[in-house]
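See structure below.
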Amino acid sequence: MPSTQQISTTPEAEKDRWRTPPWLFRYLSWRYGPFDIDLAAGDENHLCERYFTIETNALAQNWFHYGARGFCNPPYSAPSAWVASSLFEAQGFGFSTCLVLPTHINQKWAALSQHATEVLNFEGRVQFLRADGTPAKTSNRGGTQVIWFRAGDLGFTRTPWVKTSEIRERFEDKADAMLAARKGGGDE
């Protein structure tokens with residue numbers, strides 16, 4: 001029987017459509033960017049000027065044709081291909097990728113993180129946004145990690161921890177906070 005921590009209450013229509021909060025993207029851009037392309041986005045929620053949608057299918061593209069660094073918050077229901085492609089692009093083509101992923105060390109794709117440059121862990125939950133951009137009432141149940149595959153610096157993986165509340169405080173724009181308050185969002 002699965003633990004209640006692993007049972008999702010997200011409506012089916014919203015699964016795999018969560019948005020990265022702007023403060024988290026700003027932090028990751030500061031730490032690993034700047035990013036040339038958003039690898040898993042939509043016309044309504046891309047975080048880079050260049051981006052791939054479901055229709056343009058990033059997994060069928062050569063990422064290095066679009067720059068040197070990509071940002072990716074892939075569908076959490078099937079992250080394996082995204083992690084494998086990120087490692088492949090770093091090893092073979094010199095393209096670095098920052099992936100925002102659920103914390104699941106017992107999944108096959110998680111084993112690929114041993115080749116990463118860094119696996120960033122968060123102390124405290126990250127509250128993602130709904131597909132329409134409004135804050136979720138609750139934060140994700142399983143935790144968040146970031147896997148960074150930096151071309152030319154793979155393996156010997158570093159595993160730092162950061163405090164979500166401190167990152168959010170430092171990188172949240174006051175306009176983001178006011179918009180969240182108007183839309184009825186809460187804290188993590």
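Quick one: in the range 74-88, which of the residues that are aromatic (Phe, Trp, Tyr) and under 21 Å from Ala151 (Cβ atoms) is surrounded by the fewest Cβ atoms within 10 Å (Cβ to Cβ)?
First, pick out the residues of the range 74-88 that are aromatic (Phe, Trp, Tyr): 76, 82, 88.
If we keep only those that are under 21 Å from Ala151 (Cβ atoms) too, we end up with 82, 88.
Numbers: Trp82: 22, Phe88: 15.
My answer is Phe88.
Listed conditions (1) in a loop (DSSP other than H, G, I, E, B); (2) over 24 Å from Pro34 (Cα atoms) are all met by Val126, apart from (2). Taking the criterion of being touching a residue at least 12 places away in the same chain (Cβ under 8 Å), surrounded by 13 or more Cβ atoms within 10 Å (Cβ to Cβ), among the polar types (S, T, N, Q) and within 20 Å of Ala151 (Cα to Cα), the only residue of the range 47-73 that qualifies is Asn73.
Return the only residue of Glu123, Glu44 being exposed (fewer than 14 other Cβ atoms within 10 Å of the Cβ), charged (D, E, K, R) and within 22 Å of Arg158 (Cβ to Cβ). Explain how you work it out, then say what you get.
Working: Glu44 fails: within 22 Å of Arg158 (Cβ to Cβ).
After applying the criteria, what remains is Glu123.
For the range 151-167, what are the residues that are surrounded by fewer than 18 Cβ atoms within 10 Å (Cβ to Cβ) and in a loop (DSSP other than H, G, I, E, B)? Listed by number, the residues that qualify are Gly152, Asp153, Leu154, Gly155, Phe156, Thr157, Thr159, Pro160.
Search the range 30-41 for residues being closer than 19 Å to Glu89 by Cα and surrounded by fewer than 18 Cβ atoms within 10 Å (Cβ to Cβ), and hand back the single one that is nearest to the chain's Cα centre (by Cα). Step by step, filter the range 30-41, then rank; the result is Gly33. Taking each residue of the range 7-36 that is on the phi < 0 side of the Ramachandran plot and in a loop (DSSP other than H, G, I, E, B) and looking for partners that are among the hydroxyl-bearing types (Ser, Thr, Tyr) and at pLDDT below 95 with beta-carbon atoms closer than 9 Å, six or more apart or interchain, yields Thr9/Thr138; Lys15/Ser8; Lys15/Tyr76; Lys15/Ser77; Trp18/Thr10; Trp18/Tyr76. The residues of the range 72-119 that are assigned to a loop (DSSP other than H, G, I, E, B) and more than 21 Å from Gly152 (Cβ to Cβ), listed by number, are Asn73, Pro74, Pro75, Tyr76, Ser77, Ala78, Pro79, Thr103, His104, Ile105, Asn106, Gln107.
The values are calculated or read from the model by the stated rules, or taken from the named source; none is laboratory data. Quick caveat: nothing in here was measured; it's all calculated off a predicted structure. With ideal geometry, Cβ positions are generated from the backbone for all residues, glycine too; neighbour counts draw on all protein chains shown.
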